[in-house]
Amino acid sequence: MTKLQIRILIVEDDLVDRMACRRALVNNPDYEFVLSEAETGREGLRLARAQKPDCVLLDYHLPDLNGLEFLAELRNDLGEILVPVMMLTGADNASVAVEAMKRGAQDYLVKDVNRQYLELLPAVIQRVLRERRTLMEKKQVEENLIQAEAKYRFLVEQIPAVTYTTALDELGKLLYISPQISQLGFSPGEWLADPEGLFKQIHPEDRALLRSAIARGNESGEPLRCEYRLFTRAGKVRWFLNEASLVRHASGEPLFLQGVLVDITQDKDIEEELHAHRRRLEELVANRTMQFEKQTAILESANTNLANKLDACTQAGSALKKYADQLADLYHNAPCSYYSLDPDGVFIHINDNGLKWLDRTREEVVGKMRLTDLLTPASGKTFLESYSRFKECGWLRDLQLEIARADGTSLSVLLNATAVKDVAGRFMMSRSMMFDITDSKRAN
């Protein structure tokens, strides 16, 4: 059976100690240790950077550097030591080895005069690599979670509805609310910091209605759907449709309530107007019975308008109910290409319609291709010149480019973009839209 290879770099100026380490590792029954050696710290640094071994066995006392100096120079620009380092030190330098671990060494072994430490060496190397692998896997999971949260926030913070989550143990206590709450004149932080949360701005006459609806939903597990009034910061009343569902753990245990608030004030105004029309029609019928024939045309016209408005109200209600389900479809099948590029111009996101334009799959494009890979040479040069300026100024408008598609045809597009920067003002990614202008260019 083929043994798993482990590449080890031994940085040790003592030839006898290097040979002892080699003998301790060469005949391991479980692993094939592939060894390289360096007699000085500088040579060890060069090999560590060039070979990227799985583990470095580092003697503390070297002709040119000590172990702490070696660790300091091994760090990358982010201050990280990417290669696991195990310190080998004499019995009188155990405290130094502990200090080395504080500065980035993964573990250490004390070299005793009888060289019994060599018997422990293979097992300690395996443990160091196992711990390193676990750490890297944890870091990858954390990065995946951060990316997933960023994608979720990017989506929910673009829609016109207010997205929120509330705790179950404290009724109305907000855990998250999207920036769209600004339409009421408030920041998300103001609502999140208030213990009353969602209930703070609800009209007093509607609070009992919402509490009852939430209680029924928590008990039955059915989705919440109710309408109520909210006050703006200026004291104006707005009507909202609240639709929410319980989010559960894989075990079935309820975790929190997640929902959306959709402003339906305009629909309520239309509804009230319709009721007013109906009341007025009833008054006309009661007061003008004797003039029925004369008023017939007026009543028919009013009834037609009423029927149209009722139909519009019904359609608006249906559209609101389907709105959340349409968001993903609108994003991926919009009549334009939505995408984001990282600082190097590599695709981070792209919608389905954009992939159709390119005649490529998501696996081919995202994380692998630059936009310049898809442009004609002339357009690639134009884009690179504009992208450099764009990362500084933060916007790009009406840039005309030519895309070279996989089937050999070309596509004329118009590019608009805004920049996303971190709190320090560093460019992180673009938010871009491309429009197909091929037909209009041909017409011209």
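The values are calculated or read from the model by the stated rules, or taken from the named source; none is laboratory data. Nothing here was measured: the structure is a model prediction, and the numbers come from that model. Neighbour counts are summed over all protein chains in view; Cβ atoms, including those assigned to glycine, are modelled from backbone coordinates with ideal geometry.
Structure notes:
- Subset tally (residues that are over 21 Å from Trp357 (Cα atoms) and either modelled with pLDDT of 90 or more or assigned to a helix (DSSP H, G or I) (or both)) for segment 426-444: 4
- Residue in segment 262-278 that is buried (at least 18 other Cβ atoms within 10 Å of the Cβ), under 21 Å from Trp191 (Cβ atoms) and not β-branched (Val, Ile, Thr) present: yes
- Residue count for segment 1-29 under the criterion of being of a type outside the set (S, T, N, Q), without any contact (Cβ under 8 Å) to a residue 40 or more places away in the chain and not in a helix (DSSP H, G or I): the result is 4.
- A single member of Leu35, Leu71, Leu57, Leu45 is out of contact with any Pro (no Cβ under 8 Å at 6 or more places or on another chain), surrounded by 17 or more Cβ atoms within 10 Å (Cβ to Cβ), outside any helix (DSSP H, G or I) and not β-branched (Val, Ile, Thr), and it is Leu57.
- Residue, nearest to the chain's Cα centre (by Cα), within segment 397-429, restricted to residues that are over 16 Å from Phe383 (Cα atoms), surrounded by 12 or more Cβ atoms within 10 Å (Cβ to Cβ) and of a type in the set (D, E, K, R): Lys421
- Counting the residues of segment 103-161 that are buried (at least 17 other Cβ atoms within 10 Å of the Cβ), under 30 Å from Tyr338 (Cβ atoms) and either at pLDDT 80 or above or among the charged types (D, E, K, R) (or both) gives 1.
- Only residues that are under 14 Å from Thr166 (Cβ atoms) and either in contact (Cβ under 8 Å) with a residue 40 or more places away in the chain or part of a helix (DSSP H, G or I) (or both) were counted across segment 212-243, and they come to 6.
- Cβ-Cβ distances below 8 Å connect the following pairs, each with a first residue in segment 359-385 that is in contact (Cβ under 8 Å) with a residue 24 or more places away in the chain, a second residue that is of a type in the set (Asp, Glu), and a separation of six or more residues or different chains: Asp359/Asp407; Arg370/Asp344; Leu375/Glu402; Thr376/Glu402; Ala378/Glu402; Ser379/Glu402.
- Filtered by the rule that a residue be assigned to a loop (DSSP other than H, G, I, E, B) and at pLDDT 85 or above, segment 175-211 gives Ser178, Gly185, Phe186, Ser187, His203.
- Options Arg211, Arg233, Arg225, Arg238: the member that is assigned by TED's automatic domain parsing to the domain that holds Thr165, in contact with a Ser or Thr (Cβ under 9 Å, 6 or more places away or on another chain) and of a type in the set (Lys, Arg): Arg238
- Restricting attention to segment 198-230 and to residues that are under 32 Å from the mean Cα position of the chain (by Cα) and of a type in the set (S, T, N, Q), the residue that is surrounded by the fewest Cβ atoms within 10 Å (Cβ to Cβ) turns out to be Asn218.
- Looking only at residues in segment 90-102 that are within 41 Å of the chain's Cα centre (by Cα) and free of Cβ contacts under 8 Å to residues at least 24 places away in the same chain, the one that is surrounded by the fewest Cβ atoms within 10 Å (Cβ to Cβ) is Lys102.
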